[in-house]
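Novice: Here's a structure for you.
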Amino acid sequence: MRIAVGGIHTECSTSSPVLMQAEDFRVLRGAELTESDYFAFLRHHPVEIAPLFHARAVPGGPVSRAVYEAFRAGFLARLEAAKPFDAVYLAMHGAMKVEGLWDAEGDWFQAVRQAVGPDMLIATSYDLHGNVSAKVVDQIDIFAAYRTAPHIDTPETMEAAFAMLLRALQTGVRPGVLRVPVPLLLPGERTSTGDEPARSLYAALPAREGAGIWRADLMIGYVWADEPRATACAMVTGTDAVAMAAAGTQIAGDFWAARDRFHSGAKTGPLEEMLDIAAVVGTQPVILADSGDNPTGGGVGDRADVLAALIARGWQGALVAGITDRPAVEACFKAGTGARLPLRIGASLDPAGAVVATMAEVVLLDGGDDPGARQAVVRIGGITLVLAARRRPYHTLADFDRLGLDPRAAGLLVVKSGYLSPELAPLARPNLMALTDGVVSQDIAALANHHRSLRVLPFDPGADYQPVPEISQRFRC
């Protein structure tokens, strides 16, 4: 068997004014794909891989139309050149916005389907925060999504989709997919699978599988995409349409029934209230999530609201990681380690963001000759601040180790995040989440809603619901 493998993976807030460009993506072509750790699971299977093209980026604003079309054209050219093959596996996210397109993944899948014809199997894996449209469902045969948030089962999910594809090829049994939309959009910060009710809802999914059902998934969806396709849904892959409909209806109904029980696992409130708590709690490190500017949720990552509040309070012993500001980083590199210089920090990408003008001492410079990879550590009074030339999170201990910083030694650690990453969460004493401004604001009901369905919670508090399964056109044929 020979399987073509590729895809495109990112998440886009439609409120962000910052378009994603080609340099924002890590692109794997040909053998780079099969040699990467991200696709290491492919080595577990005795099949031939036709590695095509895979692009992956930190979540952000919409993808430039020109960049997307260039990526799609490159992918399709490699797809054509790789023929013949027996099936296609696409590693996707599901919440990509492309300027001028309402359903970017639908467009991508449709182009692939047109290229390979109606008989070839297409399998895909998604982030559980993807928005699955009917257009996508009608192009694919196999679907699997993450079951954890924070996402610690990415390799397992990718392998699950791939294994189902091999199962279908080896047995000759052709599965199909079914979607049950749920008119409910919640932020990831309130649906972490470490907290109830999401923990129990996801733990119940494997038990739905069995005779006629290969895989059952619950999609939370992506709330910061103001698009018609934005919705939660149940997704079921299998061979028995009746059993699939029953399972999907149950998953969707259980999610809807739990709608009023979702909450943040962290102590949550306005920034000043969270800082009041951090000031007196007496344990460390207090980890404060700057939720409205979280780059892993699509935030810009360049706002200085929290930094301004800390300076105003004369805070001592804080580590802020980090703020994206390429001009400030370049100024630090020009001045050199040990220099004191005036910096204007913040709003380097989004002019609507908060700005701080202050004196800073350059403590460390990292990144060398690649301007996009550069980072600077500066000290502002009792505050240590990490500045990054490129949008990025600081969510792993390796991020801090590289810069000679120890988050465990900080009295207060500020990260641009929603729920904390698996590496930082165990360190928090306690974990606080500030409801800050930004393009991924947690004030969901107040988000601009021009294109989502008007009959979706929380935008329509009176929304009612009865699950209606929607079987793929391919499965009906």
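Novice: All other residues with a Cβ under 14 Å from the Cβ of Thr148 taken together, and with Lys, Arg as +1 and Asp, Glu as -1, what is their net charge?
Specialist: Here the charged neighbours net out to -3.
Novice: Work out the charge dipole of the chain with +1 on the Cβ of Lys and Arg and -1 on the Cβ of Asp and Glu about the Cα centre, then indicate which of Ser13, Val112, Ala145 is farthest towards its positive end.
Specialist: Of Ser13, Val112, Ala145, it is Val112.
Novice: Over the range 315-404, what lengths in whole Å, largest first, do the semi-axes of the equivalent ellipsoid take, defined as the square roots of 5 times the eigenvalues of the alpha-carbon gyration tensor?
Specialist: That gives 16, 16, 15 Å for the three semi-axes.
Novice: Could you give me the radius of gyration and the Dmax of the range 106-186, taking only the C-alpha atoms into account and expressing both in angstrom?
Specialist: When restricted to the Cα atoms of the range 106-186, Rg and Dmax are 13.4, 39 Å.
Novice: With a 1.4 Å probe and every protein chain left in place, work out the accessible area per residue of the range 1-81 in Å², rounded to a whole number.
Specialist: 41
Novice: Also: Dipole size in debye (nearest 20) for the range 257-391 around its Cα centre, Lys and Arg Cβ +1, Asp and Glu Cβ -1?
Specialist: Details: 13 positive and 15 negative charges, 16 e Å.
Using Cβ point charges on Lys, Arg, Asp and Glu, the range 257-391 gives about 80 debye.
Novice: To continue, here is another question. Over all distinct alpha-carbon pairs, what is the Kirkwood Rh of the range 248-371 in angstrom?
Specialist: Its Kirkwood hydrodynamic radius stands at 17.3 Å.
Novice: Where nothing but the Cβ of Lys and Arg (+1) and of Asp and Glu (-1) is charged, how large is the charge dipole of the chain around its Cα centre, in debye to the nearest 20?
Specialist: Numbers: 43 positive and 54 negative charges, 65 e Å.
Dipole magnitude for the chain comes out near 320 debye.
Novice: If we restrict to alpha carbons, what Rg and Dmax does the chain come to, in Å?
Specialist: Both quantities, over Cα of the chain: 22.8, 70 Å.
Novice: By how many degrees, 0 to 90 and rounded to 10, does the Cα axis of helix 65-82 deviate from the longest principal axis of the chain?
Specialist: Roughly 40 degrees, rounded to the nearest 10.
Novice: Given the peptides 132-142, 422-432, arrange them by the average over their residues of other C-beta atoms within 10 Å, most packed first.
Specialist: On the way: 132-142: 22.9, 422-432: 16.9.
So the order, starting with the most tightly packed, is 132-142, 422-432.
Novice: With viscosity set to 0.890 mPa s at 25 °C, what whole-number translational diffusion coefficient in µm²/s follows for the range 147-303 from Stokes-Einstein and a Kirkwood radius over Cα pairs?
Specialist: Details: Rh = 17.9 Å.
Approximately 137 µm²/s, per Stokes-Einstein.
Novice: While we're looking at this one, here's another question. Out of the trypsin sites (Lys or Arg not before Pro) in the range 316-424, which ones are loop residues according to DSSP with at most 16 other C-beta atoms within 10 Å?
Specialist: Answer in residue order: Arg402.
Novice: Would you report the distance distribution of C-alpha pairs in the range 315-358 as whole percents per 10 angstrom bin, up to the bin with the largest distance?
Specialist: It works out to 25, 53, 23, 0, in whole percents.
Novice: Let me ask you something else. Pairing the Cα long axis of helix 104-116 with the longest principal axis of the chain, what angle in degrees results, from 0 to 90 and rounded to the nearest 10?
Specialist: Between helix and principal axis, roughly 40 degrees.
Novice: Another one. Compute for the range 185-264: radius of gyration divided by Kirkwood radius, i.e. Rg/Rh, restricted to C-alpha atoms, rounded to two decimals.
Specialist: Here Rg/Rh amounts to 0.99.
Novice: So, one more: Work out from phi, with θ = phi - 60° and the Karplus expression 6.51 cos²θ - 1.76 cosθ + 1.60, the ³J(HN,Hα) of each residue of the range 369-377, listed in order in whole Hz, and give x for Gly and Pro.
Specialist: Running phi through 6.51 cos²θ - 1.76 cosθ + 1.60 with θ = phi - 60° gives 7, 8, x, x, 9, 6, 9, 9, 9 Hz.
Novice: Any idea what diffusion coefficient the range 348-477 gets from Stokes-Einstein, in µm²/s, Kirkwood Rh on alpha carbon pairs, 20 °C, 1.002 mPa s?
Specialist: Numbers: Rh = 19.1 Å.
The Stokes-Einstein estimate is 112 µm²/s.
Novice: Taking only Cα atoms, what is the 0 to 90° angle, nearest 10, from helix 241-257's long axis to the longest principal axis of the chain?
Specialist: Approximately 30 degrees, to the nearest 10.
Novice: How long, wide and thick is the range 54-193, going by the Cα atoms along their three principal axes, in whole angstroms, largest first?
Specialist: 44, 37, 26
Novice: Ok, one more. Working from the alpha-carbon coordinates of the range 1-99, get Rg over Rh, Rh being the Kirkwood radius.
Specialist: Computed over Cα atoms, the ratio is 1.00.
The values are calculated or read from the model by the stated rules, or taken from the named source; none is laboratory data. Note that the structure is predicted; figures quoted are calculated from it, not measured. Because the Cβ atoms are built from the backbone with ideal geometry, glycine has one as well, and the counts that use them run over all protein chains shown. These accessible areas exclude ligands, DNA and RNA; they are computed on the full protein's heavy atoms, side chains included. Shrake-Rupley method; radii C 1.70, N 1.55, O 1.52, S 1.80 Å.
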